[in-house]
Amino acid sequence: MNILVTGGLGYIGSHTVVELIENNYEVIIIDNLSNSELFILDNIKKITGVKPKFYNEDLLDLNKTNEVINKHDIDGVIHFAAFKSVSESIKYPLKYYRNNLLSLINILRSMDENNISNIVFSSSCTVYGQPDKLPVSENAPFKKAESPYSKSKQISEQIIEDFVNSNDNISSISLRYFNPVGAHDSGMIGELPIGIPDNLVPYITQTAAGIRDELSVFGNDYNTSDGTAIRDYIHVVDLAKAHLMAIKRLNNSKKKNIFEFFNVGKGTGFSVMDVINSFEKINNIKLKYSFKDRRDGDIEEIYSDVTKSKNILKWQAEKNLDDMMSSAWKWQKYLK
Ligand code: UFG
């Protein structure tokens with residue numbers, strides 16, 4: 001089976017490409033290298049023994065996208081390509097809406113024009129905002145989005161829903177990721193933040209590597225056990241496997257015109273201090289950190305109810321927080 005992976009050289013995309021290849025799928029990647037690097041393609045080959053087909057194209061160009069799709073008999077699309085920085089989206093909302101929404105629209109148009117039925121979409125738990133009830137299940141309503149990035153994910157899911165409703169040939173699964181961290185066991189693919197990392201785990205690994213002086217822990221006055229904010233961290237390899245289950249589910253389904261969405265988390269909340277403690281313990285490293293004010297736009301606590309993914313998608317996370325922290329450090333050492 002031929003799967004088109006947009007953003008296939010990015011953080012989650014590259015791990016998913018590895019899982020697909022290891023499960024005998026043919027992978028075709030479109031990636032414009034806006035937040036990824038070409039050596040990842042070579043490393044995918046080193047890990048799997050297979051170099052996937054790669055096109056350095058921008059999905060905003062519908063003709064080019066169609067050209068790539070026409071060359072291959074595509075059985076399904078996994079659409080990762082999007083901008084993902086919350087803080088950058090607040091600064092440059094139009095850039096985010098243009099890129100994230102138009103690339104999705106182009107992919108859907110191209111699927112329609114080329115008779116491709118199945119799409120797995122990279123969504124985020126950010127669609128929930130600060131939920132009223134924890135753990136948050138898929139039934140929770142979309143709350144006010146905290147950033148243009150978050151809003152772009154809410155709107156994207158709605159665009160897909162409208163398109164599925166209007167077109168009997170299209171089926172989709174949106175995966176709502178919680179906090180993806182860690183790296184492949186090989187230590188040869190992982191997250192590549194541009195500049196100063198926004199996210200906790202790359203900041204931790206860069207601090208441990210001496211690239212950053214000190215980690216700031218944003219807020220220790222939250223209403224949580226140790227005062228720091230709680231998130232549902234999920235190992236990126238577990239997350240990649242959820243995509244495999246989703247594309248299989250769509251491709252094997254007798255039912256047409258599916259519109260589904262699933263939480264993809266571990267179902268456990270960890271505080272910022274839990275993450276730091278795990279990193280220090282498993283890697284035997286002392287981290288330099290200090291407590292600072294809360295970061296604007298952060299919510300106190302979120303973690304997932306994964307009952308639906310377990311029961312329907314037949315997927316659940318297997319790796320623990322220590323696995324996430326040891327693999328993240330292995331990857332950082334590879335980069336150093
Ligand atoms: N944090 C620190 N110090 C840092 C970076 C982060 O203390 O240097 C804290 C944050 O304040 C937060 C926690 O670590 O409490 C996790 O922060 P991240 O930036 O790693 O992750 P977020 O939960 O803020 O963001 C993630 C994804 C977004 C997504 C969002 C949805 O990165 O793409 O979840 O809730 F939109």
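The values are calculated or read from the model by the stated rules, or taken from the named source; none is laboratory data. If you're wondering where the values come from, they're calculated on a predicted model, not measured in any experiment. For neighbour counting, all protein chains shown are included, and Cβ atoms are generated from backbone atoms with ideal geometry for every residue, glycine included. These accessible areas exclude ligands, DNA and RNA; they are computed on the full protein's heavy atoms, side chains included. Shrake-Rupley method; radii C 1.70, N 1.55, O 1.52, S 1.80 Å.
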* Bin width 10 Å, alpha-carbon pairs only: give the P(r) of the stretch 258-299 as whole percents, running from 0 to the bin holding the largest distance. => 19, 36, 29, 11, 5
* **Inter-label distance, nm, simple model (7 Å from Cα along the C-beta direction), GLU280/TYR334** => 2.8 nm
* Asked: Summing Lys, Arg as +1 and Asp, Glu as -1, what charge do residues with Cβ under 9 Å from the Cβ of ARG249 carry, ARG249 excluded?
  -> +1
* To do: State the answer as a single residue: which of THR48, ALA81, VAL68 lies farthest towards the positive end of the charge dipole of the stretch 1-90, with beta carbon charges of +1 for Lys and Arg and -1 for Asp and Glu, about the Cα centre.
  => THR48
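List the relative contact order of the stretch 237-332 as a percent without decimals, with contacts defined as Cα pairs under 8 Å and 6+ residues apart.
On the way: 70 pairs, mean separation 43.3, N = 96.
Once divided by the residue count of the stretch 237-332, the mean separation gives 45 percent.
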* **Acute angle (nearest 10 degrees) that the helix 236-252 long axis makes with the longest principal axis of the chain, alpha-carbon atoms** => 20 degrees
* Taking the Cα centre of the stretch 23-181 as origin, work out the dipole magnitude from +1 charges on Lys and Arg Cβ and -1 charges on Asp and Glu Cβ, in debye rounded to 20. => 600 debye
* To do: Can you pull the one-decimal nm distance between simple spin-label points at LYS288 and GLN158, each 7 Å off the Cα toward Cβ?
  => 4.7 nm
* Quote the charge dipole size of the stretch 199-331 about the Cα centre in Debye, to the nearest 20; the model charges only the Cβ of Lys and Arg (+1) and of Asp and Glu (-1). => 1000 debye
* Assigning unit charges at the beta carbon (Lys, Arg +1; Asp, Glu -1) and nothing else, what dipole magnitude in debye, to the nearest 20, does the chain show about its Cα centre? -> 300 debye
* Structure fact -> Regression test value, accessible area per residue of the stretch 82-210, probe 1.4 Å, units Å², expected 41 Å²
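How long are the semi-axes of the equivalent ellipsoid of the stretch 189-241, defined as square roots of 5 times the Cα gyration tensor eigenvalues? Whole Å, largest first.
Rounded to whole Å, the semi-axes are 22, 19, 8.
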* Which percentage, to the nearest 5, of the DSSP beta bridges contained in the chain is antiparallel? -> 5 percent
* To do: Quick one: net charge around ASP73, please, counting Lys, Arg +1 and Asp, Glu -1 for every other residue with C-beta under 13 Å from its C-beta.
  => 0
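Could you give the semi-axes, largest first, of the ellipsoid that matches the stretch 7-63, computed as the square roots of 5 times the alpha carbon gyration tensor eigenvalues and rounded to whole Å?
Ellipsoid semi-axes (Å, largest first): 19, 12, 9.
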* Asked: Share of the stretch 45-172's accessible area from carbon and sulfur, percent, 1.4 Å?
  -> 48 percent
* Leaving out ligands, DNA and RNA, what percent of the accessible area of the stretch 222-336 is carbon and sulfur, probe 1.4 Å? -> 46 percent
* What number, in percent, do you get for the relative contact order of the chain if the mean sequence gap of Cα pairs under 8 Å and at least 6 apart is divided by its residue count? -> 19 percent
* Calculated [θ] (222 nm, deg cm²/dmol) that DSSP helices of n ≥ 4 give over the chain, each run adding -39,500 (n - 2.57) -> -12500 deg cm²/dmol
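Pull out the extension gain between ASN167 and LYS144, defined as 0.36 nm times the separation in residues minus the alpha carbon to alpha carbon distance; nm, one decimal.
Between ASN167 and LYS144, full extension yields an extra 5.4 nm.
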* To do: Let me know the Kirkwood hydrodynamic radius for the chain, please, with Cα pairs as the basis and the value in Å to one decimal.
  => 20.2 Å
* Asked: For the pair LYS308 and ILE194, how long in nm is the line joining their label points, each one 7 Å along Cα→Cβ?
  -> 3.2 nm
* Signed unit charges on C-beta, dipole axis of the chain, positive-most listed residue ASN23, SER271, THR224 -> ASN23
* To do: Excluding SER186 itself, calculate the net charge of residues whose Cβ lies under 11 Å from the Cβ of SER186, where each Lys or Arg counts +1 and each Asp or Glu counts -1.
  => +1
